[in-house]
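Below: one structure, written as structure tokens.
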Amino acid sequence: QVQLVESGGGLVQPGGSLRLSCVASGSIFSRNTMAWYRQAPGKQRDFLAFITSSGTTTHADSVKGRFTIDRDNAKNTVYLQMNSLKPEDTAVYYCKAITAGRDYWGQGTQVTVSS
């Protein structure tokens, strides 16, 4: 069983930055691939980035160059650094743990980009 808790969302002006965190418990975090997704109202949940246990990363084209995923295995935490935020980045942001048995999702954190 894996529990995920996201934090760091909020209201930010266009062009601003936020750093989201996702703390994992209940499994050997360092062995899991971790990912970030987001879901805007009325839209499907979209992939943003993932990071493997060895630190290899992949970012969606839509956020490449603005968002960066990283992890701190000592803190069981995965991060999403978001820069140059735009109003269209407004969404609920979710982290996901990918394990051998199943995937686990956090409850999400709201990010609103508005002036």
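What follows draws every value from the coordinates through simple rules; no lab data is involved. Because the structure is predicted, anything quoted here is derived from the model rather than measured.
Here are some notes:
- Residue-span extension gain [residue 100 to residue 1] - 0.36 nm each, minus C-alpha spacing: 34.5 nm
- Couplings 3J(HN,Hα) for the stretch 69-86, derived from phi with the Karplus relation 6.51 cos²θ - 1.76 cosθ + 1.60 (θ = phi - 60°), are 9, 8, 8, 10, 5, 5, 9, 6, 10, 10, 10, 9, 8, 10, 10, 6, 5, 10 Hz, where x marks Gly and Pro.
- Difference of contour (0.36 nm per residue) and Cα-Cα distance, residue 13 to residue 27: 1.4 nm
- The phi torsions of the stretch 12-29, fed into the Karplus equation with coefficients 6.51, -1.76 and 1.60 and a -60° offset, translate into couplings of 9, 7, x, x, x, 10, 9, 10, 8, 10, 9, 9, 10, 9, x, 8, 7, 3 Hz, rounded to whole numbers, with Gly and Pro shown as x.
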